[in-house]
Amino acid sequence: MTALQLTNVCKSFGPVEVLKDINLTVEDGEFVVFVGPSGCGKSTLLRVISGLEDATAGEISIGGQTVTTTPPAKRGIAMVFQSYALYPHLSVRENMALALKQERQPKEEIAARVAEASRMLSLEDYLDRRPSELSGGQRQRVAIGRAVVREPKLFLFDEPLSNLDAALRMNTRLEIARLHRQLSASMIYVTHDQIEAMTLADKIVVLRDGRIEQVGTPMELYNNPANRFVAEFIGAPA
Ligand code: ADP
Ligand code: MG
């Protein structure tokens, strides 16, 4: 089964072409990392996959279903942002439950999923707090928990660690790797950090100026970079 298939996906803002003919397959359970310099289109590609932006052309399918025009909430995906994007007036529990309430899930089901996710992310003691009463690392765990409760087939992470200090970054990175193993879900993870890419990825997608420059396992890119750009980005000998 394929988790995600992108076929000739393009995205323009007015006259500006930001994504140019993207073709990519993500297999079920795969951990795929998008890397590339700032402004190359990583966030835009995630937003097009999630449906927050419509593709200008091309086709998107998730879990074998065409979703090119499906609204974000119905795509079976959940996205985690760098900025956490928590609701400040809601408790941790309410932040995690909100999407499930909107889906009209039964109360017991919501409570069970929030309990399970908060156990996985060590948030049991913080459920009644507001985001402002949490550390940055805890806030990011709530944002991840809010994705986990939805039981998505595909997780999208947009530079989830870039607001955390070095020690927390390492910690949270290991936690995301553990979640990936536990949930056996597919994950797409955007970063500009080579170490995150090399340690997390089953497959790395190198983007440059809105195009895919190379796709491969970390070792393939390291040993056989397609060009100097990839080599420099991966930190491999050119
Ligand atoms: P990255 O995440 O790789 O840093 P982005 O996807 O955020 O890159 O941006 C890629 C390019 O698209 C940039 O040149 C950015 O200015 C442009 N862009 C992104 N969103 C919009 C938008 N809503 N309107 C116009 N241009 C945009
Ligand atoms: Mg970005």
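Here, each number is a calculation from the coordinates, and none is a lab measurement. Everything numeric in this text was worked out from a predicted model, so none of it was measured. Methodologically, a virtual Cβ is constructed for each residue, glycine included, from the backbone with ideal geometry; neighbour enumeration extends over all protein chains shown.
What number comes out for the charge environment of Y87, summing +1 per Lys or Arg and -1 per Asp or Glu over other residues with Cβ under 15 Å away? Could the numbers behind the result be given before it?
Working: positive: R93, K101, R129, R130, R139, R146; negative: E94, D128, E133.
Residues close to Y87 contribute a combined charge of +3.
Can you give the Rg/Rh ratio of region 83-177, where Rg is from the C-alpha atoms and Rh is the Kirkwood radius? Before the final figure, lay out the partial values.
Numbers: Rg = 12.7 Å, Rh = 13.5 Å.
Looking at region 83-177, the ratio lands at 0.95.
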(request) Would you mind telling me which residue in R130, R173, R119 has the biggest mean-square fluctuation in a Gaussian network model of the chain, where springs connect alpha carbons within a distance under 10 angstrom? (result) R119
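Can you compute the FRET efficiency between E108 and L52 using 1/(1 + (r/R0)^6), with r the Cβ-Cβ distance and R0 = 41 Å? Round to the nearest 0.05.
So the FRET efficiency works out to roughly 0.85.
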(request) Would you pull out the residues with amide H under 5 Å of Y189's amide H, same chain only if 5 or more places away, H placed 1.01 Å from N? (result) V32, V33, F34, F157
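For E232, what is the net charge nearby, where nearby means another residue's Cβ is under 13 Å from its Cβ and Lys, Arg count +1, Asp, Glu -1? Working shown, then result.
Working: positive: R208, R228; negative: E213.
Value of the local net charge: +1.
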(message) Within region 44-60, list the residues whose amide N lies under 15 Å from a label point set 7 Å along Cα→Cβ of D21.
(response) 57-59
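Given R₀ = 41 Å, what would the calculated FRET efficiency be for E232 paired with T69, taking r from the Cβ atoms and rounding to 0.05?
E between E232 and T69, to the nearest 0.05, is 0.60.
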(message) Can you tell me which lysines have their Cα less than 30 Å from the Cα of K203? Leave out same-chain residues fewer than eight positions away.
(response) K11, K20, K42, K74, K153
(request) Give me M187, M96 ranked fewest to most by other Cβ atoms within 10 Å of their Cβ, as a rough exposure proxy. (result) M187, M96
(request) Rounded to the nearest 500, what is the 222 nm mean residue ellipticity of the chain from helices alone, with -39500 (n - 2.57) per DSSP H run of 4+ residues and division by all residues? (result) -10500 deg cm²/dmol
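When only DSSP loop residues count, what trypsin sites (Lys or Arg not before Pro) in region 1-106 have their Cβ near at most 11 other Cβ atoms within 10 Å?
Details: sites: K11, K20, K42, R47, K74, R75, R93, K101, R104; in loops: R75, R104.
Taking region 1-106 and a limit of 11 other Cβ atoms within 10 Å, the loop trypsin sites (Lys or Arg not before Pro) found are R104.
For the chain, give the magnitude of the charge dipole about the Cα centre (Cβ charges: +1 Lys/Arg, -1 Asp/Glu; no others), in debye to the nearest 20. Provide the component values of the computation, followed by the final result.
Details: 27 positive and 29 negative charges, 85 e Å.
Dipole magnitude for the chain comes out near 400 debye.
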